Amino acid sequence: MTAGRYVIRRLVLLVPQVLGVTTIVFFLIRLLPGDPAYMIAGSLATKDVIASVRRQLGLDRPIWDQYIIYLDRVAHGDLGKSWLTSSQVTQDILQRMPATLELITLALILAFCIALPLGMLTALRPGTVIDRLASAYGMLAGAMPDFWWALFLVFILFGKLRVVPAPIGRLDIALVPPPQVTGFYTVDSIIAGDWPVFWSALAHLALPTFTLAFVYAGPILKMARSTMSQALLGNFVQYARASGLPGHVVARYALRNALLPVITMTGITYGYLIGGAVLIEQIFAWGGLGQYAVQAITSSDYMAVSGVVLTTTMFSLLVYLAVDLIYLAVDPRIRY
Amino acid sequence: MILDRRQLRHLIRTRPSVLVGAAIVGVTLILAAIGPSIAPFDPRTAIPGEQLKSPGFVHLMGTDDNGMDVFSRVIASPQTDLTIAILGTFGAIAAGIPLGLVAGYYRGFVSELLMRLSDIVQSFPVFILGMALVVVTGQEIRNVVYVVAVVNCPIYVRLIRGQVLFLRERPFIEAARAIGGRDSWIIREHILANAIGPVMANASVTIGWAILLTAGLSFIGAGVRVPTPEWGSMIAVGAKNVYTGEWWPSVFPGLALAFTVLGFALLGEALVHLADRTRR
């Protein structure tokens with residue numbers, strides 16, 4: 001099979017996956033407590049009003065009809081209306097998504113930049129002090145609750161030392177967000193040439209980004225170390241060494257072979273974090289997707305809940321697909 | 001998985017960290033059994049007039065802003081956290097084993113369906129799904145257990161299936177079939193007996209991870225609630241005090257949580273490694 005056909009096959013496979021996700025979400029949401037019509041109409045509404053809202057929402061129809069209608073709407077990008085913010089869920093999500101993406105993208109770039117060199121270094125010098133320290137860090141970081149680290153760092157760096165701004169939102173309250181282009185405040189402020197906003201956005205990003213990077217670099221580091229050590233044992237490395245190539249060239253050969261699993265690990269973490277940074281978002285009042293999800297869940301805002309679950313799941317699926325396609329592009333051994 | 005003394009000695013020599021892990025797990029298990037009864041104060045009751053006392057001789061880890069003794073609550077928490085994590089993990093294994101056996105032994109439509117379902121469950125955002133499930137079903141400990149079981153189940157389906165696929169083509173299975181063994185007998189006596197090792201080894205890793213999930217859910221208010229002693233909700237109770245400098249109600253339960261997860265991870269990693277070695 002050629003690469004092109006493989007890509008097409010994978011894209012086609014996404015359809016049943018997304019259908020499955022949508023189906024599960026639909027039936028899960030039906031189980032939420034409370035009558036949505038009653039919650040929209042308010043507690044003072046008469047029976048007639050509630051009945052008319054039910055009709056409006058299509059809740060009086062058989063469940064299979066509702067299911068078909070739901071599928072049809074989702075296919076057209078309509079995730080329904082949130083009764084908490086009383087705007088379209090799709091709009092709410094699009095508005096909040098960049099905040100989360102900016103946070104986790106920066107965090108994972110940072111994590112990758114910490115984990116890969118450290119993993120390489122430890123694999124090249126096994127048994128040294130640095131190797132032990134790095135292994136201990138990899139083990140510890142993976143076991144640490146990220147929300148606890150966030151609180152701890154807020155206590156030290158904001159509470160005691162005042163080197164970071166208060167953990168509330170993405171900008172100083174006095175500043176106006178830059179005109180939206182990408183939704184990333186750092187990028188948008190550069191485009192707008194608004195330096196005070198840029199520095200403020202960066203300062204607010206610093207602590208949550210560092211917390212996430214610090215915790216999630218752990219598993220990536222472990223992966224980098226183990227694949228790199230394995231690569232260094234490979235025949236091609238021994239041959240390169242025997243041929244008298246200098247150490248850094250040999251290390252580069254090994255790295256090229258060890259890189260892919262590390263990229264996969266980073267990709268999987270990225271897909272996880274889109275819905276997994278909830279606690280960090282909550283602590284820093286980030287106003288992203290995670291916080292929206294918490295709000296929606298605690299107030300039984302069922303259209304919003306299903307919207308968020310659907311969006312984050314699709315995002316994860318796309319990230320995993322992208323990782324597989326990177327494999328295809330980078331690894332010459334893989335031919336589908 | 002049977003460990004003989006020689007293997008154990010080898011494990012301890014090559015991976016001394018397993019001792020640390022085992023010690024932490026041991027202490028936590030003991031606390032889970034007797035923690036609430038050896039606590040100096042009642043972990044569920046607030047002491048009037050004793051809010052936010054800093055750590056000292058009376059209150060080893062201070063008190064939180066409800067006036068509850070932090071130390072008593074920290075050592076009473078394993079009963080909650082470990083119960084949820086262990087029951088949830090065994091739920092995941094109990095469901096994962098038969099599904100994994102079916103998906104591995106019988107190929108075809110059912111197997112394909114099971115694997116695609118696992119894909120879907122695994123691509124759900126664990127945390128948001130967990131939160132939604134707990135809120136949907138009501139905030140009871142029982143429901144947190146179900147959530148832990150559901151989100152971890154695919155891991156075991158995959159693990160068992162992988163083992164079965166590896167075992168089913170081996171000569172001894174062929175031999176069992178050749179002497180006229182029925183499928184149910186082969187699966188039970190030959191495949192399951194050989195596939196169970198890595199599953200049990202992985203349980204420790206899952207338990208550690210399940211403790212984190214439980215604590216995270218409780219932290220956000222979608223899990224165990226005050227006054228039940230539980231590390232995650234304790235951290236949440238202390239969170240607002242952290243900003244004003246009273247660090248102890250959050251920091252101590254966080255440390256306990258981190259050490260416990262680390263313990264299970266260290267032990268689990270060594271066991272997985274061992275299971276892998278014996279297989280080869």
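Observations on the model:
- B:I173 within 14 Å of chain A (Cβ to nearest Cβ), of a type in the set (V, I, T) and either over 24 Å from B:A46 (Cα atoms) or touching a strand residue (DSSP E or B) at 6+ places or on another chain (Cβ under 9 Å) (or both): no
- Helices (runs of 4 or more DSSP H) within the stretch B:82-181 that include 1 or more residues over 22 Å from the mean Cα position of the chain (by Cα), more than 22 Å from B:A215 (Cβ to Cβ) and in contact (Cβ under 8 Å) with a residue 24 or more places away in the chain: B:109-123, B:141-168
- A:G275 on the phi > 0 side of the Ramachandran plot and either more than 10 Å from chain B (Cβ to nearest Cβ) or touching a helix residue (DSSP H, G or I) at 6+ places or on another chain (Cβ under 8 Å) (or both): no
- Out of A:T211, A:T264, A:T186, A:T227, one residue alone is in contact (Cβ under 8 Å) with a residue 12 or more places away in the chain and under 30 Å from B:S218 (Cβ atoms). It is A:T211.
- Annotation note: of A:M144, A:M139, the sole residue that is farther than 28 Å from A:L202 by Cα, out of contact with any Cys (no Cβ under 7 Å at 6 or more places or on another chain), buried (at least 18 other Cβ atoms within 10 Å of the Cβ) and among the aliphatic types (A, V, I, L, M) is A:M139.
- Subset tally (residues that are within 12 Å of chain A (Cβ to nearest Cβ) and open to solvent by 10 Å² or more (accessible area, probe 1.4 Å)) for the stretch B:214-233: 3
- Verdict on B:V205 being open to solvent by 30 Å² or more (accessible area, probe 1.4 Å), within 11 Å of chain A (Cβ to nearest Cβ) and in contact (Cβ under 8 Å) with a residue 60 or more places away in the chain: yes
- B:P43 vs. criteria on the phi < 0 side of the Ramachandran plot, assigned to a loop (DSSP other than H, G, I, E, B), buried (at least 16 other Cβ atoms within 10 Å of the Cβ) and not basic (K, R): yes
- Test: residue in the stretch B:35-51 that is in contact with a strand residue (DSSP E or B) (Cβ under 6 Å, 6 or more places away or on another chain) and farther than 30 Å from B:N152 by Cβ: yes
- Every condition in (1) within 30 Å of B:M61 (Cα to Cα); (2) in contact (Cβ under 8 Å) with a residue 60 or more places away in the chain; (3) in a helix (DSSP H, G or I) is met by B:V261 except one, and the failing one is (2).
- The number of residues in the stretch B:238-260 being farther than 30 Å from B:A22 by Cα and either open to solvent by less than 30 Å² (accessible area, probe 1.4 Å) or at the interface with another protein chain (Cβ under 7 Å from one of its Cβ atoms) (or both) comes to 5.
- Those helices (runs of 4 or more DSSP H) of the stretch A:221-326 in which at least 1 residues are among the basic types (K, R) and open to solvent by 20 Å² or more (accessible area, probe 1.4 Å), considering only elements entirely within it, cover A:235-242, A:247-276.
The values are calculated or read from the model by the stated rules, or taken from the named source; none is laboratory data. Small disclaimer: the values here were computed from a predicted structure and weren't measured. Methodologically, a virtual Cβ is constructed for each residue, glycine included, from the backbone with ideal geometry; neighbour enumeration extends over all protein chains shown. To get the accessible areas, we keep the full protein, side chains included, count just its heavy atoms, and leave off ligands, DNA and RNA. Shrake-Rupley method; radii C 1.70, N 1.55, O 1.52, S 1.80 Å.
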